[in-house]
Every structure is written in structure tokens, then in C-alpha cells.
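Notes follow the structure.
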Amino acid sequence: MAAPGGLTPLAANVQSRVEMPGGPLVVALSGGADSAVLAWVAVELSGTVRAVFVDHGLEASHRLRAAAGGIAAALDIALDVIEAPVARGEPSFEDVAREARYSALMTAAKPDEFILTGHTADDQAETVLGNFLRGAGAAGLAGIPSRRGRIVRPLLGVTREETRRLAGELALPFVDDPENQSADARRNRLRNQLIPHLEATYNPQLRSVLGRTAAVLAADDAALEAEAARVPVQSDGEVVWLPATLLAVLPAVVAARAVRRALRDMRGPHAGSHDEVTAVRQVAASGRAGAELASGVRAEREGPMVVLSVGDLLPADPEGLELPSEVRFDRWYLRFTISESAPSPRPLGTRTLTLDSDAVGTSLVIRSTRPEDRIDIGTGSKPVRQAMAERGVPRRLRGRWPVVAWGDRVVAIPGVRAAAWARPSASTVRYLVAYIETTGTGSSAEGT
């Protein structure tokens, strides 16, 4: 693909500005000029390269697919085609197509392969300007990251005009995607109308200025994200929680990033608007009544934590216990054994309950707690849910938390405490020991 005397000046210039990751590469080959040049540079600079075309089943997909095949053949690299249909009339079509494309690429790539996409400096300028118009902060104005995980974008310093000229010089058979000309797409209006107008009227170097802005803010954002990553955000698959005190004392820009990370644990990578982040921080600072966020997420203050949750958790049906036995209840696994000697000290990290077997009897059930449940504490009793709160069980989980009951009497709250009358004493002859495991409960409480 090189000219007789070597690379053309443009080819040499583009190649010198591109850095490839070490390891096998998969090029997201769309059939356009940008990804065609990306594939050429990858072949020139790396040893193992293949390409993937994601077919969305749109009107022009057959032309783009044929072009991708021609480019791969010209560069002598293998091409895989992945079907990922997207309906043109879907709401947020661009977002849906992008998600489908990345999902297909991640599925197609092997664990040791980097995925290369052909985003250029023009794409970066469009992203930064578009995010600015939406009112984004530093993270949005940092634009497209040059690398995120296994996804790498080597051409962010190369313009679209350069890739088109170079693809022509290299005789790569690219075609233009007509989707890029549709005025229905917001990005296309930025590309074809707003940016040319701003360049002609205000600054002919607008694209490079927006690129420099992105680079500066990306460095700032990375430093702030590193600070925010020190805030522990914990999740058990249904509930996400983080320390309210830290959110209250950290600089606002750091606390906001920690909150946004928690919201993304709940709702995915694009969650966390400015208003939602502000509402969560207010809950953390004031301890006021919880805040209702988008998509049914609720933020509440639970002691020293801010807890994010969605919907109600339904209690499981009661189950009878045959002793000894093993039982799975909701998210808990419990194993009950009977011994005539006191149990040895429990292994570190194991939750256990040791009871007087004769005192509790054999007609035991395990069920979810009820609002009227109380547990004997020796000097009276207290509500079971109060006992849970004292041991750090989030309010939202208290209605489904298991209790071991004998008739209407609560024998024990696994992971929290046993009733005073059910505990072993000097006269205990047989011991009932419960070993408790869970896949996650949202509580730091240890068993008693």
C-alpha cells in the first residue's frame, strides 16, 4: 500500500501520530474512510489484526458491508460480520445503535484482543460541543476517551479530512454512510450545520480548539475521578450504599463523582444527572426524608450511609425447619446442626447462632420479619426491626430479613441476635448451631 518511494507525506504524517496498543487487534470496520485508514495503520504498525463489521440491517448496510469486505481484502485481513439489527424508528436511535454496536464488538472480540474504533478529531469536536450544549461538566467536556478498558481510539488526533484523503491515496474502497447526512440526527446537525457556521463566523480553528479543551479537561477529570474512587461504593445486587459523612465533607466535585458512580451501579453507564446527584448529596448532608430519582430509584439516609434502592422487596414464604437441616431462604443459606457439646470458636468471617436446642424445641420455621415482631433481650423486648437497625441492616431490607420463629415467638434474627431465652446457659445439654451464609445482604452486621 506504500508509494514506490515509500509512504506518502500524508501517510507518514498520520502514521507518526498514531499509537497502537500492544497485543492482538480487532478493527471495527464500518466501510467508511475513517475505519479504513484505521485498519491500514493497524496493519502497518501491529502484527495481529482482524476486522469486524456490525450489520444493523439498515437501508445502506449492504453497501457498507460490501465496502468493508473490499477494504479487508485490500489489506489482507480477515473480516467477520456480526448481525445486530436496529429499527430505524426507535426512540434514541443513535444511542440504541451505538449500544448494539459496542455489545456486538465486545462479544466478537477474544479476551486478549483490543477493539479499535475509527473516531477522529472531528468526532471529538462534535462530542465536546454537543455535551456543552447539554450543560455537561468536566466529564462530558472531556469528550471521547482515547482508551476505556479494551476499547481504543487511535485516530482522535487525526481529522476526518485527512482520513478521506489518505483512504483515497491508498485506494481503499470506502463508501460514505448516508446516515451521516440525515438532518434528523442531532450529531449530524452539529457536524454539517453548526460547526461549519461557527468556523466561518467565529473561529476557523474551532475543531482543534475543542480537541484541546477535551484533552485538558480529560486530565482534570481523571484526577478528580481518582479521588472519587476512594469513596467506598458498595452493592449487593439490589441496593447500593455509600458513606454519607464522606459525601458531606468532600469537595463538591469529588462527592458528585462518587454519587454518580453509585447511580451508575444502579442504572448503567449513563445514569446520574446534575439534579439527581444534587438530591443524593442533600440527603447525605441533611439526613432529610429520602429523594425520589429517575427510573424508580430512591435515595434514603440509613444511619451513616446513603442507600439507593429500586422498588419494594417482597418477603419470601415461610418454611418449616427439620433439625438438623439445610435451607435456602431468599438470599440466605442456613445450615442447622445439633451437638451435645458447645461449638468451637467460629472461623473468622463465619456467621453463626448458637441456641439452646431444648429451649427452642423442634417446631421451628424460618420466615420474613413482620411489623409486630419483637425479640426478647433479657430485660424486656424490642421490635425486631429496631434490632436490625441497630446492627446496620438497611431499612428497605428489614421487611424481608429472615427470622427463626417458634410459634409467634422470635427465636433468632440471623446475622443480628438471638432471643435471650433461647441462648445457651450453664444448664444447656444440647446446642443448636446455625451456620449462615449469604450472597449479599446490604449489612455489615455480624451474627451473634
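The values are calculated or read from the model by the stated rules, or taken from the named source; none is laboratory data. Everything numeric in this text was worked out from a predicted model, so none of it was measured. Cβ atoms come from the backbone with ideal geometry, glycine included; neighbour counts cover every protein chain shown.
Of all the residues in region 1-56, those that are under 33 Å from the mean Cα position of the chain (by Cα), part of a strand (DSSP E or B) and not aromatic (F, W, Y) number 10.
Within region 197-224, residues that are in the same structural domain as T159 (by TED's automatic domain parsing) and under 22 Å from A252 (Cα atoms) sit with their Cβ atoms under 6 Å from residues that are buried (at least 17 other Cβ atoms within 10 Å of the Cβ) and polar (S, T, N, Q), at 6+ positions apart or across chains, in these pairs: A214/Q124.
Being touching a strand residue (DSSP E or B) at 6+ places or on another chain (Cβ under 6 Å) and free of Cβ contacts under 8 Å to residues at least 12 places away in the same chain narrows it down to one of P324, P383, so name that one.
Working: P324 fails: free of Cβ contacts under 8 Å to residues at least 12 places away in the same chain.
Result: P383 is the single residue among P324, P383 that is touching a strand residue (DSSP E or B) at 6+ places or on another chain (Cβ under 6 Å) and free of Cβ contacts under 8 Å to residues at least 12 places away in the same chain.
Condition first: surrounded by 17 or more Cβ atoms within 10 Å (Cβ to Cβ) and either assigned by TED's automatic domain parsing to the domain that holds P394 or over 14 Å from E276 (Cβ atoms) (or both). Now tell me which residues in region 244-260 satisfy that.
Passing the criteria: A244, L246, L250, V254.
Each residue in region 12-48 was checked for being among the acidic types (D, E) and either free of Cβ contacts under 8 Å to residues at least 60 places away in the same chain or surrounded by 17 or more Cβ atoms within 10 Å (Cβ to Cβ) (or both), and 2 of them qualify. Scanning region 49-83 for residues that are over 29 Å from G157 (Cβ atoms), of a type outside the set (D, E, K, R) and either in contact with a strand residue (DSSP E or B) (Cβ under 6 Å, 6 or more places away or on another chain) or crowded, with 19+ Cβ neighbours inside 10 Å (or both) turns up S61, V81. Restricting A51, A72 to those that are in the same structural domain as T120 (by TED's automatic domain parsing), free of Cβ contacts under 8 Å to residues at least 40 places away in the same chain, out of contact with any Pro (no Cβ under 7 Å at 6 or more places or on another chain) and closer than 22 Å to I151 by Cβ reduces the list to A51. Set side by side, the residues V86, V52, V81, V96 differ, and just one is farther than 22 Å from T163 by Cβ and modelled with pLDDT of 95 or more, which is V81.
A count restricted to region 364-390 and to residues that are of a type in the set (D, E, K, R), more than 12 Å from A419 (Cα to Cα) and surrounded by fewer than 18 Cβ atoms within 10 Å (Cβ to Cβ) stands at 3. P371 falls short on exactly one of the conditions (1) at pLDDT 85 or above; (2) in contact with a strand residue (DSSP E or B) (Cβ under 8 Å, 6 or more places away or on another chain); (3) not polar (S, T, N, Q), and that condition is (2). Where strands (runs of 3 or more DSSP E) fall wholly inside region 282-359, the ranges with 3 or more residues that are at pLDDT 85 or above, over 15 Å from I436 (Cα atoms) and under 34 Å from the mean Cα position of the chain (by Cα) are 297-302, 305-310.
To keep it simple, each residue is scored yes or no on (1) touching an Asp or Glu at 6+ places or on another chain (Cβ under 6 Å); (2) assigned to a loop (DSSP other than H, G, I, E, B); (3) of a type in the set (S, T, Y); (4) in contact (Cβ under 8 Å) with a residue 60 or more places away in the chain.
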{"site": "Y102", "(1), (2), (3), (4)": "no, no, yes, no"}
{"site": "L129", "(1), (2), (3), (4)": "no, no, no, yes"}
{"site": "G143", "(1), (2), (3), (4)": "no, yes, no, yes"}
{"site": "L155", "(1), (2), (3), (4)": "no, yes, no, yes"}
{"site": "E162", "(1), (2), (3), (4)": "no, no, no, yes"}
{"site": "A171", "(1), (2), (3), (4)": "no, yes, no, yes"}
{"site": "F174", "(1), (2), (3), (4)": "no, yes, no, yes"}
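Note on region 264-285: among residues that are touching a strand residue (DSSP E or B) at 6+ places or on another chain (Cβ under 7 Å) and in contact (Cβ under 8 Å) with a residue 24 or more places away in the chain, the one that is nearest to V96 (Cα to Cα) is R267.
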